[in-house]
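**Q** Pasting a structure here, questions to come.
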Amino acid sequence: MDLESQLQTSTATSPWVSALCCPECGGTLTESGGGLTCARDEAFFATLQGVHRLLGHERQAELAAATAFYCRVRADEGFRHSSELPRVPRGHIQARIWKQRARHFGRFLDWLSRERPRMQAIVDIGAGCCWAAQRLAERGHLVAALDINLDPMDGLTALGEERGLGLGIERIEADMEFLPLSPNCADVVLLNGALHYARCPQNVVAEARRILRATGALVILDSPIYRRSTDGEAMVKMKKKDFLSRYGYAPCRDAAAGYFTITELTRLLERSGFEVRVFGWPSRLREFGRDLIETFRHGRRTARFPMIVAQRRSA
Ligand SMILES: C[S@@+](CC[C@H](N)C(=O)[O-])C[C@H]1O[C@@H](n2cnc3c(N)ncnc32)[C@H](O)[C@@H]1O
């Protein structure tokens, strides 16, 4: 039975629960005593504040310092949950970014209603405070939101237990490189401002493909994409300098991809079994014009944020 039919026949249990699997051994999980128990090795994973804690201990320890630093930077920069995101009031500290993000998310919603008009099972990976999951659930989609960040302002718990339950969003603490979800459970996997945080994007893409149905699509939004790697490297270097001057610390370069070139990302997706379409990349002439303006303004070519739709090819 697919997730949609399960939703129609199920009573209290979320249809996503049957798709969850043990992060240690991949066994099926069943709800019991305030959490989930693995049918294979009987490991128990708590569900706290409405979030299934499915991040293995070792990976949690590996990620802890980087996540704490990330939360601090986000708080300092004024990123936190609010119920209207991506809309923010005029004068908001990040109004310019949110305006751009709203435009990109609108492009995704247009694609969704044009090409996927029926209810979709959507996994929002690196969902942060779940604003996008919220907007999608309100439109009638069946949404699971996954992140390693539990921050009460900007992470998975920001939505609040009641709110999450009311919207039917399944929230899962897990690593995007090891998705605790069974194969063929999703119609759409969304990576919204998230793929460039992956240590190994290949793993994330392979995991996305594994959980997608045969007709499914992976959508990448708001990852910085360049034509040339030299421009991406210049951005990473500048960010590192900025972190060092503000905090006296910068995360290790190997911890995340940071950016992509359009050629390498397309190639990675194609090699991983997807057919790729890019929306919102300018024509050569416009690209040249914009590059000139940006070089004049900022002394370098800046990133583009196209929407990448990767349609799963059958094996
Ligand atoms: C810039 S935020 C984007 C949040 C949200 N998708 C949005 O559009 O605002 C990147 C998110 O990726 C998450 N992230 C980073 N590394 C991750 C990993 N290995 N597994 C899962 N999530 C991760 C971060 O915790 C953060 O919430």
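The values are calculated or read from the model by the stated rules, or taken from the named source; none is laboratory data. The shown structure was predicted, so the numbers you read here are calculated from the model rather than taken from an experiment. Using ideal geometry, Cβ is built from the backbone for each residue, glycine included, and neighbour counts are taken over all protein chains shown. Ligands, DNA and RNA are excluded from the accessible area calculation, which covers all protein heavy atoms including side chains. Shrake-Rupley method; radii C 1.70, N 1.55, O 1.52, S 1.80 Å.
**Q** If amide H atoms are built 1.01 Å from N in the plane of the peptide, which residues on other chains or at least 5 residues away come under 5 Å of the amide H of T261?
**A** Distant-sequence amide H within range of T261: Y226.
**Q** In whole Hz and in residue order, list the ³J(HN,Hα) couplings for the range 282-294 that follow from phi through the Karplus curve 6.51 cos²θ - 1.76 cosθ + 1.60, θ = phi - 60°; x for Gly and Pro.
**A** Working through the residues one at a time gives x, 5, 3, 5, 5, 4, 4, x, 5, 4, 4, 5, 5 Hz.
**Q** Any idea what the dipole of the range 51-312 comes to, in debye rounded to 20, about its Cα centre with Lys/Arg Cβ at +1 and Asp/Glu Cβ at -1?
**A** Charge dipole, the range 51-312, about its Cα centre: 1120 debye, nearest 20.
**Q** I would also like to ask the following. Give the cross-link partners of K239 among the aspartates and glutamates, using a straight C-alpha distance below 14 Å as the criterion and excluding same-chain residues fewer than 8 apart.
**A** Cα-Cα hits under 14 Å: E77, D231.
**Q** Roughly how far apart, in whole Å, are the Cα centres of the range 58-121 and the range 148-205?
**A** Their Cα centres are 12 Å away from one another.
**Q** Next question, about the same structure. Once the convex hull of the C-alpha atoms of the chain is built, how many Å³ does it hold per residue, rounded to a whole number?
**A** 140
**Q** Turning to a different aspect of this structure: Which net charge results for the neighbourhood of S113, defined as the other residues with beta-carbon distances under 15 angstrom from its beta-carbon, given Lys and Arg at +1 and Asp and Glu at -1? Walk me through the intermediate numbers first.
**A** On the way: positive: R107, R114, R116, R118, R135, R139; negative: D110, E115, E138, D187.
Around S113, the surrounding residues sum to +2.
**Q** Turning to a different aspect of this structure: For the chain, what is the calculated [θ] at 222 nm in deg cm²/dmol (nearest 500), taking -39500 (n - 2.57) for each run of four or more DSSP H residues and dividing by its residue count?
**A** After summing the helix terms and dividing by residue count, I get -12000 deg cm²/dmol.
**Q** Separate question: I'd like the projected area of the range 220-315, averaged over all directions, using the convex hull of its alpha carbons. Report it in nm² with one decimal.
**A** Average projection, Cα convex hull of the range 220-315: 7.3 nm².
**Q** Something else: Just name one of V73, Q60, T215: the one whose Cα is farthest towards the positive end of the charge dipole of the chain (beta-carbon charges, Lys/Arg +1, Asp/Glu -1).
**A** V73
**Q** In the range 51-312, what percentage of the DSSP-assigned beta bridges are antiparallel, given to the nearest 5? All intermediate terms of the calculation are to be shown ahead of the outcome.
**A** On the way: 11 of 35 bridges.
Within the range 51-312, antiparallel bridges account for around 30 percent of the total.
**Q** If you build a Gaussian network model of the chain, linking Cα atoms that sit under 10 Å apart, which residue out of A234, A19, A137 swings the most?
**A** The residue with the greatest mean-square fluctuation here is A234.
**Q** Grab the Cα-Cα distance for M238 and R40, subtract it from 0.36 nm times how many residues apart they are, and report the gain in nm with one decimal.
**A** Difference between extended and current length: 66.5 nm.
**Q** For D254, what accessible area in Å² do you get when you roll a 1.4 Å probe over the heavy atoms of the protein chains, rounding to the nearest 10?
**A** 120
**Q** Let me ask something additional. Using Cα pairs under 8 angstrom and six or more residues apart, how large is the relative contact order of the range 45-172, in percent? Walk me through the numbers on the way to the answer.
**A** Details: 165 pairs, mean separation 35.8, N = 128.
After rounding, I find 28 percent.
**Q** Let me check something: with ligands and nucleic acids excluded, how do K239, K99 order by accessible area (1.4 Å probe), largest to smallest? The partial results should precede the final answer.
**A** On the way: K239 105, K99 155 Å².
From most accessible down to least: K99, K239.
**Q** Given a 1.4 angstrom probe, what's the average accessible area per residue across the chain, in square angstrom?
**A** Working: 15750 Å² over 315 residues.
Here the per-residue accessible area is 50 Å².
**Q** Pairing rule first: another cysteine's C-beta must sit under 4.7 Å. Under that rule, which cysteines of the chain stay single?
**A** Isolated Cys, the chain: C21, C25, C71, C129, C130, C185, C200, C252.
**Q** Now a separate question. Helix 229-247 sits at what angle to the longest principal axis of the chain, using alpha carbons and giving 0 to 90 degrees rounded to 10?
**A** Roughly 80 degrees between the two axes.
**Q** Mean separation of Cα pairs under 8 Å and 6+ residues apart, divided by the residue count of the range 51-312: what relative contact order is that in percent? Provide the component values of the computation, followed by the final result.
**A** Numbers: 442 pairs, mean separation 45.3, N = 262.
That works out to 17 percent.
**Q** Moving on. In whole percent, how big is the carbon plus sulfur part of the accessible area of the chain, probe 1.4 Å, protein atoms only? Please list the in-between numbers first.
**A** Details: 8370 of 15750 Å².
Of the solvent-accessible surface of the chain, carbon and sulfur hold 53 percent.
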